[in-house]
Amino acid sequence: MNIHDLLNSMTLKEKLGQMTQLPPHFFLSLSDTEVFGEKRTLYLSHDDILSTGSILGVGSAKEMVTIQSLILEKSRLKIPALFMADIIHGYQTIFPIPLAQAASFNPNLVKRMNEISALEASTCGIHVTFSPMVDLSRDARWGRVMEGFGEDPLLNQVMAKASIDGYHKGKPTDVGYLATCFKHFAAYGASESGRDYNSVDMSYERFHNLYRPSYQAAIDAKSEMVMLAFNTFNGVPSTINKTLTQNILKDTMHFKGVIISDYDALHQTIAHGAAKDDFDAARLGIEAGLDIEMASSAYLEHGEDLISKQKVSIDDINASVLKILELKQSLGLFEDPFKGASELREKTLLKTSLHFEEAEKLSYESPVLLKNDGVLPLKSSSKIALIGPFSKTRSLLGAWHWHGNIKDCNTYEETAKNLSVDVTYVSESLDINDIHNQLDLFDVILLMIGEPQHESGEAKSKVGIHIDPNIKTFIDYANSKHKPVVAVIHGGRPLVLDAILDANAIMMTWFLGSRHTEVVMKLLLGLKNPSGKLPMSFPRHVGQLPLSYHDFNTGRPYDPIHNEYTTKYLDVHLSPLFVFGFGLSYTKMNIKVHDIKTHWDGIHPLEITYTMTNSNDISGDEVIQVYGSIHPSIPVRPLKKLISYEKIHLKPFESKTQTIKLFEKDFILYNESGNIVMTPGTMTLHIGFNPYELHTLTLEWSPS
Ligand code: BGC
């Protein structure tokens, strides 16, 4: 197919159709697909609908084939539609939510999860996934933190690449390859007060240094598309923000792919107060280079008028359509418009026992052990009580579970039975009056608590992110009776855990998907050793948000001795309760960091050698983290920034000597204009197991 000839043969209306994405309910009276966002009636003609270039979210191969056949049979040029969907942490086999994926600090696992997701999604003819979400997020009030990789730029970059590499298995024309659309550009995670869809206002210095790197990593990993964010960015809705799309995305970050809006977001520029009406919105969208509008119809309704009144240029429209056609061509849709969609493959490929086995294997590194006084691992001979609201639930898939079915999840009780462990469900309530006389029957209590899965995700912002303070009463009572309590926390965001600090052990399990209870029970029993680390800091109090380990100093650093006019809160300590990078395991590892050179010119990599020793009789994993800072510097650098990390495995009593190499590019700093500034200074490196448990080295740095 010569797409230039095709473009030349298209009417303006047909071009505008390619620039429009509609949900399947425009084509099917009955679609079993949940569409996120408002279902607004668009006043489109039959021909307009058939000219649509892409479809958002179909429910099955049958639906995809029906819609694609309609388009191929009834439209003049028979241009196959692209089918896109939110395959975020699985299609039918569901994996840990992305925040939990990040907690593994293990990109190989994330890559493999997405290979499986891509294979399953392709059975219903999905071509593009609206994933990964690489919005840096530091505000746990924002419900969408579950969908991203947390607070750290480096971890976000690593996971962005791993995610995309997984979806991109094989060649673009292969069944099982999913094109990707990273999102949401720009800085959606920084919405003011953690309120979804709210404004974002930040300096370009902050944007370039903290927020841009993960989007850049997605571009470098060859993501085919980007989705613009709902929010305004520095006063202009991202959907029509030319500074973002042209100056930053295209000119500075060299993105050449297709740009799509978020759901109905072009129309919503009117509600933002930026566009006068849909005519104006369409003009602003085309001027900003918005190639596809999702679930609104400003282009189709007003594009012809805009051209006839010479308000927009046909060259801009042609450029957008050409990119869309190129994407269709690269995915092989002109040769095989039904690529991958097969009811037969749906029967044999979805939720296979192999996929479920892999889901389990790939999830062990996500839960994070936050406290353990020795009660864990549980003895398999113990009599264990299950108490609390999550004791019997199957709602463990996580908020973006697409076609996952909670019936595929076993309850904790079922899983314990399958593992022949003596576990008894006692009560969902934690009311001591109801259960005090039963506690004597048990050796240990598993307190199954947290935040329900429907309270994180899109439009799920909250200010009350603390664990119910009444739980403390229960823990105090159990402590007084010498009954050990293990708090097993569920949730899609960092929670304030102060009420449960007196539990004997605390494990943050997130939402792990189809095999949640198997993974958690095996970790609690010590059949596997926990190795997850927090991808976001957990606050002491919601008032600390936004929060991260990645602090800048002030002119008056915290000083507990002369502390009146130094930076602090009067009523809560500055630090997180559990910091980014923190997580325990059942082994005790020690690290010895070897001396490094005293000067570095950046020409050759800087080598840091360390020896890790496992002083226990069980094997385990540890994440060695290297944080760095340089001063003096303008702009100033944070006190600690994760520069590099590696996860290593040690057998019982094993010692390993490893070398981490640091490169000059790891210390890149941007100024307000997006230019790199590298000034000589004293470099401080911290090496260890989290930002607070570190060995410190200093050297003089004079960049090349
Ligand atoms: C979300 C996007 C998502 C889109 C399509 C929107 O509401 O913000 O992340 O990709 O819906 O489902």
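The values are calculated or read from the model by the stated rules, or taken from the named source; none is laboratory data. Being a predicted model, the structure only gives us computed values, none of them experimental. A quick note on method: Cβ atoms are made from the backbone with ideal geometry, for glycine too, and the neighbour counts reach across all protein chains shown. Only protein heavy atoms, including side chains, enter the accessible area calculation; ligands, DNA and RNA are left aside. Shrake-Rupley method; radii C 1.70, N 1.55, O 1.52, S 1.80 Å.
Once you list every other residue whose beta carbon is under 11 Å from the beta carbon of residue 79, what net charge do they have if Lys and Arg are +1 and Asp and Glu are -1?
That works out to +3.
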Unit charges at the beta carbon, dipole of the chain: most positive-side option, 683, 387, 527 = 527
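In terms of the Cα gyration tensor, with a ≥ b ≥ c the square roots of its eigenvalues, is region 205-245 rounded because a/c is under 1.5, prolate because a/b exceeds b/c, or oblate? Present the calculation step by step, with values, prior to reporting the outcome.
Details: a/c = 2.62, a/b = 1.34, b/c = 1.96.
Taking the square roots of the gyration eigenvalues as a ≥ b ≥ c, region 205-245 is oblate.
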Hey, for a label at residue 695 modelled as a point 7 Å past Cα toward Cβ, could you say which residues of region 588-630 have their backbone N under 13 Å away?
-> 590-597, 608-613, 624-626
Please report the Cα spread of region 290-331 along all three principal axes, rounded to whole Å, starting with the longest.
-> 35, 24, 13
Cα-derived Rg to Rh of region 578-617, Kirkwood definition = 1.14
Classify region 569-704: rounded, prolate or oblate, from the alpha-carbon gyration tensor (a ≥ b ≥ c, eigenvalue square roots; a/c under 1.5 rounded; otherwise prolate if a/b is larger than b/c)?
-> oblate
Pair-distance profile P(r), taking every C-alpha pair of region 258-302, with 5 angstrom steps and integer % = 5, 28, 39, 24, 3, 0
Over the C-alpha atoms of region 82-127, what are the Rg and the largest Cα-to-Cα span, Dmax, in Å?
-> 10.9, 33
Whole-Å semi-axes of region 55-175's equivalent ellipsoid, largest first, each the root of 5 times a Cα gyration tensor eigenvalue?
-> 31, 15, 12
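Quick one: in region 173-319, what % of C-alpha pairs are over 28 Å apart? Don't jump to the answer; show the numbers that get you there.
Working: 1926 of 10731 pairs.
It works out to 18 percent of all Cα pairs.
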Cα-only Rg/Rh for region 406-445 with Kirkwood Rh rounds to 1.04
The distance between the Cα centres of region 643-704 and region 335-394, in whole Å, is 34 Å
List, in order, the whole-Hz ³J(HN,Hα) value for each residue of region 592-609 obtained from phi through the Karplus relation with A = 6.51, B = -1.76, C = 1.60 and θ = phi - 60°; use x for Gly and Pro.
-> 10, 9, 7, 5, 10, 6, 8, 9, 9, 9, x, 6, 9, x, 8, 9, 10, 9
Could you give me the ³J(HN,Hα) list for region 564-578, computed from phi with Karplus coefficients 6.51, -1.76, 1.60 and θ = phi - 60°, whole Hz, x at Gly and Pro?
-> 5, 9, 10, 6, 4, 10, 6, 10, 8, 5, 5, 6, x, 6, 10
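Which links in 417/647; 62/462; 222/276; 111/665; 371/460 stretch past 31 Å when you go from one Cα to the other?
Numbers: 417/647 33 Å; 62/462 39 Å; 222/276 36 Å; 111/665 24 Å; 371/460 28 Å.
Where the Cα-Cα span goes over 31 Å, the pairs concerned are 417/647; 62/462; 222/276.
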With the convex hull built on the alpha-carbon atoms of region 479-620, volume per residue in Å³ sits at 230 Å³
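If contacts are Cα pairs under 8 angstrom and at least 6 residues apart, what is the relative contact order of the chain in percent? Before the final figure, lay out each step's value.
Details: 1683 pairs, mean separation 98.1, N = 704.
Across the chain, relative contact order equals 14 percent.
Please state the charge dipole magnitude for the chain, taken about the Cα centre, from unit charges on C-beta atoms (+1 on K and R, -1 on D and E), reported in debye and rounded to the nearest 20. Mind showing how you got there, number by number?
Working: 66 positive and 83 negative charges, 179 e Å.
Magnitude of the dipole: close to 860 debye.
Extension gain residue 326-residue 541, at 0.36 nm per residue separation less the Cα-Cα distance, in nm? The partial results should precede the final answer.
On the way: separation 215, 0.36 × 215 = 77.40 nm, distance 4.97 nm.
Stretched fully, the residue 326-residue 541 segment lengthens by 72.4 nm.
Rounded to the nearest 500 deg cm²/dmol, what is the calculated helix-only ellipticity per residue at 222 nm for the chain, with -39500 (n - 2.57) per DSSP H run of length n ≥ 4? Intermediate values should be presented prior to the final figure.
On the way: 18 runs with 169 residues, N = 704.
Computed ellipticity for the chain at 222 nm equals -7000 deg cm²/dmol.
Can you send over the carbon and sulfur percentage of the accessible area for the chain, probe radius 1.4 Å, protein chains only? Write down the numbers at each step before the final one.
Numbers: 13400 of 26440 Å².
Carbon and sulfur: 51 percent of the exposed surface of the chain.
What is the sum of charges, Lys and Arg at +1 and Asp and Glu at -1, for the other residues whose Cβ falls under 14 Å from the Cβ of residue 360?
Details: positive: 112, 351, 361, 515, 522, 528; negative: 357, 358, 365, 408, 518.
Neighbour charge sum, excluding residue 360 itself: +1.
What's the magnitude of the charge dipole for region 633-704 around its Cα centre, counting Lys and Arg as +1 and Asp and Glu as -1 at the beta-carbon? Answer in Debye, nearest 20.
On the way: 8 positive and 7 negative charges, 41 e Å.
With only Lys, Arg, Asp and Glu charged at Cβ, the dipole is about 200 debye.
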From the backbone phi of region 492-502, what are the Karplus-calculated ³J(HN,Hα) couplings (6.51 cos²θ - 1.76 cosθ + 1.60, θ = phi - 60°) in whole Hz, Gly and Pro given as x?
-> x, 8, x, 10, 8, 9, 4, 5, 10, 5, 8
At 0.890 mPa s and 25 °C, Stokes D of region 106-241 from Kirkwood alpha-carbon radius, µm² per second | 163 µm²/s
What Rg and what Dmax come out for region 437-557 when only alpha-carbon atoms are used, in angstroms?
-> 16.5, 58
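Is region 566-633 rounded, prolate or oblate when judged by the Cα gyration tensor, a ≥ b ≥ c being the square roots of its eigenvalues, rounded requiring a/c under 1.5 and prolate requiring a/b larger than b/c? Write out the running numbers ahead of the final one.
On the way: a/c = 3.03, a/b = 1.03, b/c = 2.95.
Because a/c hits 1.5 or more and a/b fails to exceed b/c, region 566-633 counts as oblate.
Taking 22 Å as R0, compute the FRET efficiency from the Cβ-Cβ separation of residue 414 and residue 347 and round it to 0.05.
Working: r = 26 Å, r/R0 = 1.16.
Approximately 0.30, to the nearest 0.05.
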With the radius of gyration and the Kirkwood radius both derived from the Cα set of the chain, what is their ratio Rg to Rh?
-> 0.99
